[in-house]
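Some notes on the structure that comes next.
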Ligand code: ADP
């Protein structure tokens, strides 16, 4: 059936009365009678209501009959709060759910939408027009969510294939190239050894690429636990991870962080800083010694929220103004692999990780004058 909007429903030219089946899950008799009264006045649509009082009865009914929409109260005799939404959607995934809330409870309604409800309506304020609009909107939103789920499932299958079916033979190539060098290096002569080295290097590059793609893919479905973290601790752990690169490049890193807290997922925040540091060390002119500064500041944007901005500044080659947004896109690289190795995924991972933490990321830079990357997260009050 095509989605039909409120405007269409109430057009005077409609020749016949349309009919929609709605499952109302509500244990308050007065709310149900009010709803029935209101919907009776509907000029061109017949609202065929089935009312049940319990979640389990709703699930059974929705499995048996074809409804167009469910109006779901969250407080039922056998279920309470957001769990009601989750349990209903788990049991009947393809039916649009519109949550019924009381006035001033929009926060709960928004959380219900995050759990998979399509829309919410405030009890006592429902009109036939609003319900029609919600029906149309819910169907459209439901369709998009289904498409998104399918695309995510395909992406996951692709990642799985990379993780297993592609990486395994790749490790074989690397392993045999290594064995060839070890056991037959003497008879291969210089050119033969060079070829084997190239095979090894390319296999290694592919392995890193797969690793990065998998990390990036996993980030879209990972559930993050946000918690207060001390910036200095996360930075110290990130620096541990890049110790080899620091030693190899003789980079100098200056950290000046007071006891400052932010709301973050520790592993994601650490990974973000590792990626920024790796780039700060890598993207310098040949022979130049990387000099990196890390510091943070508190900010209070107009919303009145307390936020914390962490800066990672380098003395590297810089980034042209017109590229400062696109470098956060996946596979965006400004240099050939010969001058600077990499996969073009590091900053895309940073952006996704920071967004997962409800933060923002960006860069200030000038070609030849270094770059200053920043990550802004929610701060902790009274820190
Ligand atoms: P990779 O480092 O693997 O190439 P990234 O996603 O981390 O990929 O970075 C994307 C591109 O942004 C890099 O290829 C480089 O051109 C540019 N870039 C990132 N960080 C810096 C930096 N600190 N200084 C200069 N250019 C940078």
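Quick note: the coordinates plus some simple rules give every number you see, no bench work behind them. Quantities reported herein were computed from a predicted structural model and do not represent experimental measurements. Every residue, glycine as well, gets a Cβ built from its backbone with ideal geometry; the counts of neighbours run over all protein chains shown.
Placing a label point 7 Å from the Cα of residue 125 along the Cα-to-Cβ direction, the residues of the stretch 82-105 whose backbone N falls under 16 Å of that point are 99-105.
For n ≥ 4 DSSP H runs only, could you compute -39500 (n - 2.57) per run for the chain, divide by its residues and tell me the 222 nm figure to the nearest 500?
For the chain, the value works out to -15500 deg cm²/dmol.
Seen against the Cα atoms of the chain and their longest principal axis, helix 266-282 is set at about 40 degrees.
Eigen-decomposition of the gyration tensor built on the alpha-carbon atoms of the stretch 269-335 gives equivalent ellipsoid semi-axes of 25, 16, 12 angstrom, largest listed first.
To the nearest 0.05, what FRET efficiency results for residue 299 and residue 75 with a Förster distance of 30 Å applied to their C-beta separation? Here the calculated transfer efficiency is 0.15.
Quick one: divide the alpha-carbon radius of gyration of the stretch 307-383 by 2.2 N^0.38 Å and tell me what you get. Can you show the working numbers first?
Details: Rg = 13.7 Å, N = 77, 2.2 N^0.38 = 11.5 Å.
After normalising by residue count via 2.2 N^0.38 Å, the value is 1.20.
Here's the picture: a label point sits 7 Å out from the Cα of residue 19 along the beta-carbon direction, and within the stretch 25-51 the residues with their amide nitrogen under 20 Å of it are 36-51. Equivalent ellipsoid of the stretch 136-251: semi-axes from √(5λ) of the C-alpha gyration tensor, largest first, are 40, 26, 10 Å. Counted over the stretch 163-312 with a bin width of 10 Å, the fraction of Cα pairs per bin, in whole percents, is 9, 26, 28, 22, 10, 4, 1, 0.
Pair-distance distribution P(r) for the stretch 62-114, from all Cα-Cα distances in 5 Å bins starting at 0: 4, 19, 31, 26, 14, 4, 1 percent. Only beta bridges with both residues in the stretch 236-383 are counted; by DSSP, about 80 percent of them are antiparallel. Most simply put, the chain has about 50% antiparallel DSSP beta bridges, counting only bridges with both residues inside it. Note the angle between two axes, namely the Cα long axis of helix 29-40 and the longest principal axis of the Cα atoms of the chain, as a number of degrees from 0 to 90, rounded to the nearest 10. Roughly 80 degrees between the two axes.
Mind checking the angle between helix 82-91 and the chain's longest principal axis? C-alpha axes, 0 to 90 degrees, to the nearest 10. The answer is roughly 90 degrees.
Highest mean packing first, where packing is the average number of other Cβ atoms within 10 Å per residue, the peptides 331-343, 111-123 line up as 111-123, 331-343.
Please compute one quarter of the surface area of the Cα convex hull for the chain and express it in square nanometres.
Taking a quarter of the hull surface, the average projection is 27.0 nm².
Computed extension length for residue 29-residue 157: 41.3 nm, one decimal, from 0.36 nm per residue of separation with the Cα-Cα distance subtracted. When Rg and the Kirkwood radius Rh are both evaluated on Cα atoms of the stretch 192-235, their ratio Rg/Rh stands at 1.31. Extension gain, residue 57-residue 322: 0.36 nm per intervening residue step, less the Cα-Cα distance, totals 89.6 nm. Each distinct pair of alpha carbons in the stretch 41-132 adds a 1/r term; the inverse of their mean, the Kirkwood radius, is 13.6 Å. Compared with the direct C-alpha span, the chain from residue 83 to residue 337 gains 86.4 nm at full extension, assuming 0.36 nm per residue.
Counting only the Cα atoms, the stretch 254-383 fills a convex hull of 106 Å³ per residue.
Legend: translational diffusion of the stretch 96-180 by Stokes-Einstein, Rh = Kirkwood radius over C-alpha pairs, 4 °C, 1.567 mPa s; D = 79 µm²/s. Treating each Cα of the stretch 262-301 as an identical point scatterer and summing with the Debye formula, the log10 of I(q)/I(0) at q = 0.13, 0.15 Å⁻¹ comes to -0.40, -0.51.
In plain terms, the bigger the Kirkwood radius, the slower the diffusion; for the stretch 123-168, with that radius from Cα pairs, at 10 °C and 1.306 mPa s, Stokes-Einstein puts D at 119 µm²/s.
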